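The values are calculated or read from the model by the stated rules, or taken from the named source; none is laboratory data. From a predicted model like this one, the values you see are computed outputs, not experimental measurements. In this analysis, Cβ positions are derived from the backbone assuming ideal geometry, glycine residues included, and neighbour counts consider all displayed protein chains. Note: areas computed on protein heavy atoms with side chains; ligands, DNA, RNA excluded. Shrake-Rupley method; radii C 1.70, N 1.55, O 1.52, S 1.80 Å.
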Amino acid sequence: MIIVMEENATEFQINRVAEKLASSGYITHRSTGERYTIIGAVGTSQIDTQEFELLEGVRDVLRITSPFKLASRHFKPEGTRIQIADVEIGGDEVVIMAGPCAVETPEQVETVARHVASCGARILRGGAFKPRTSPYSFQGLGLEGLKLLRHAADRYNLLVVSEVMDHSQIPMFLRYVDILQVGARNMQNFFLLKELGRISKPVLLKRGPAASFEETLLSAEYILSGGNHQVILCERGIKTFETYTRNTLDVSAVPVFKKLSHLPIVVDPSHGTGHRDKIVPMARAALAAGADGLLIEVHQSPEEALCDGAQSLFFHQFEQMMGQLRLIAEAINRNITPNSLANSELVSTLHTW
Ligand code: PEP
Ligand code: MN
């Protein structure tokens, strides 16, 4: 149930509603917008909505029939904006998150961070703990990888997103990353999700390869209901009968999630297609569809990458793509951080790759 308070409702009236909900067995979440305060109530007890409609200061009482409540668009009709340092996710800027699939060496992270930052990326991605299908594949550098990411990101004024695989790693991640990523394989690791509900850093939640929209939003609900309201959804392709691409990138997820939920949504065309030549077209499509950000794999030498080289862009492709994305962003009243490459010594570095 969602209770929308009147524009001029007093704190006393708001608290009275919250207390009445609590005494009826509901857990309440308050969202204070510029004009309206909204109280989301989660619980199973059946109460008469009229009891609340009649309370002073109450404008509207909405029963939500969908199983996710805090993730639903009704809870925050204006949409969620997540502010991390000087980066806002879910606002006018389309935030580009880019970097290697896996952190490999200090030089690699440094080189990639420098390049993506100079092209306008705001967030450095990179796996330090890798969920690999085979136990014999490279598993990541672990803690050392997180340290390398942080170091390179700080140098180029980037934020860090990296995948946390287990709840026991959360304290370590909180020291080094700005956004904790939940990988597609872990989307329904409910214990991990609950623990992420207790932290105060943003979580990037990837849609599972076989998860419906509703299941994805219920996973987000686990984090939100724990008290962490900073969740970013990520579409990264789903399993279908098609084998030509690694996954089928569901671009329709963008308008669907936008309609069902207030949470920002980013798209990962690297895992979504699995092939370098399809990443740029799908990145353009995702942006045009209304994505709030993109997660892109980039490597200084993709043929030698230890992980996902086939779906990592070369530097020049990334730079070119960013130029195209800016044109699309402008057409839909959004923007992307400008490219600073032209004014820096980086141009010469770029041409050596
Ligand atoms: C990743 O982004 O590094 C990753 C492993 O992606 P996914 O969980 O979508 O497979
Ligand atoms: Mn990858």
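Could you tell me which of the residues Leu306, Leu313 is open to solvent by 50 Å² or more (accessible area, probe 1.4 Å) and either within 16 Å of ligand 1 (Cβ to nearest atom) or among the β-branched types (Val, Ile, Thr) (or both)?
Details: Leu313 fails: open to solvent by 50 Å² or more (accessible area, probe 1.4 Å).
Answer to the selection: Leu306.
For Ala288, state whether it is farther than 22 Å from Val160 by Cβ, among the aliphatic types (A, V, I, L, M), open to solvent by 10 Å² or more (accessible area, probe 1.4 Å) and modelled with pLDDT of 95 or more.
Details: farther than 22 Å from Val160 by Cβ: yes; among the aliphatic types (A, V, I, L, M): yes; open to solvent by 10 Å² or more (accessible area, probe 1.4 Å): yes; modelled with pLDDT of 95 or more: yes.
For Ala288, the condition - farther than 22 Å from Val160 by Cβ, among the aliphatic types (A, V, I, L, M), open to solvent by 10 Å² or more (accessible area, probe 1.4 Å) and modelled with pLDDT of 95 or more - is met.
Selection of the stretch 258-281 for residues being free of Cβ contacts under 8 Å to residues at least 60 places away in the same chain and within 12 Å of the chain's Cα centre (by Cα) yields Ile265, Val267.
Restricting attention to the stretch 298-307, and to residues there that are in contact with a His (Cβ under 8 Å, 6 or more places away or on another chain) and either within 14 Å of ligand 2 (Cβ to nearest atom) or among the aliphatic types (A, V, I, L, M) (or both), which single residue is nearest to Ile82 (Cα to Cα)?
Narrowing the stretch 298-307 to residues in contact with a His (Cβ under 8 Å, 6 or more places away or on another chain): 298, 300, 305.
Restricting the remaining residues to those that are either within 14 Å of ligand 2 (Cβ to nearest atom) or among the aliphatic types (A, V, I, L, M) (or both) gives 298, 305.
Numbers: Val298: 25, Ala305: 32 Å.
Selected residue: Val298.
Screening Ser23 with (1) over 23 Å from Phe213 (Cβ atoms); (2) open to solvent by less than 30 Å² (accessible area, probe 1.4 Å) gives one miss only, at (2). Screening Lys201 with (1) over 23 Å from Leu294 (Cβ atoms); (2) away from ligand 1 (no atom under 16 Å from the Cβ); (3) not in a helix (DSSP H, G or I); (4) not aliphatic (A, V, I, L, M) gives one miss only, at (1).
Conditions (1) under 22 Å from Met187 (Cα atoms); (2) among the basic types (Lys, Arg); (3) at pLDDT below 95, marked per residue:
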site: Arg59; (1), (2), (3): no, yes, no
site: Asp92; (1), (2), (3): no, no, no
site: Thr111; (1), (2), (3): no, no, no
site: Arg132; (1), (2), (3): yes, yes, yes
site: His167; (1), (2), (3): yes, no, no
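No other residue among Ala41, Ala121, Ala71, Ala22 is touching a strand residue (DSSP E or B) at 6+ places or on another chain (Cβ under 9 Å) and within 16 Å of ligand 1 (Cβ to nearest atom) apart from Ala121.
Residues in the stretch 188-215 that are surrounded by fewer than 24 Cβ atoms within 10 Å (Cβ to Cβ) and within 16 Å of ligand 2 (Cβ to nearest atom): Gly208, Pro209.
Checking each residue in the stretch 269-328 for being more than 21 Å from Lys206 (Cα to Cα) and hydroxyl-bearing (Ser, Thr, Tyr) picks out only Ser301.
Only residues that are within 14 Å of ligand 2 (Cβ to nearest atom), open to solvent by 50 Å² or more (accessible area, probe 1.4 Å), without any contact (Cβ under 8 Å) to a residue 60 or more places away in the chain and over 25 Å from Ile89 (Cα atoms) were counted across the stretch 130-174, and they come to 2. Summed over the stretch 91-115, residues that are β-branched (Val, Ile, Thr), open to solvent by less than 10 Å² (accessible area, probe 1.4 Å) and away from ligand 1 (no atom under 16 Å from the Cβ) total 1. The set of residues in the stretch 17-61 being closer than 22 Å to Ser225 by Cα, of a type in the set (S, T, N, Q) and outside any loop (DSSP other than H, G, I, E, B) consists of Ser23, Thr28, Ser31, Thr32, Thr37. Of a type in the set (Gly, Ala, Ser) and surrounded by 19 or more Cβ atoms within 10 Å (Cβ to Cβ), is that true of Ala283? It is true that Ala283 is of a type in the set (Gly, Ala, Ser) and surrounded by 19 or more Cβ atoms within 10 Å (Cβ to Cβ).
Would you mention how many residues in the stretch 42-80 are within 21 Å of Glu221 (Cα to Cα) and either over 16 Å from the mean Cα position of the chain (by Cα) or surrounded by 15 or more Cβ atoms within 10 Å (Cβ to Cβ) (or both)?
Step one: list which residues in the stretch 42-80 are within 21 Å of Glu221 (Cα to Cα), which gives 42-46, 61-80.
Now narrow it down to the ones that are either over 16 Å from the mean Cα position of the chain (by Cα) or surrounded by 15 or more Cβ atoms within 10 Å (Cβ to Cβ) (or both): 42-46, 61-78, 80.
Count: 24.
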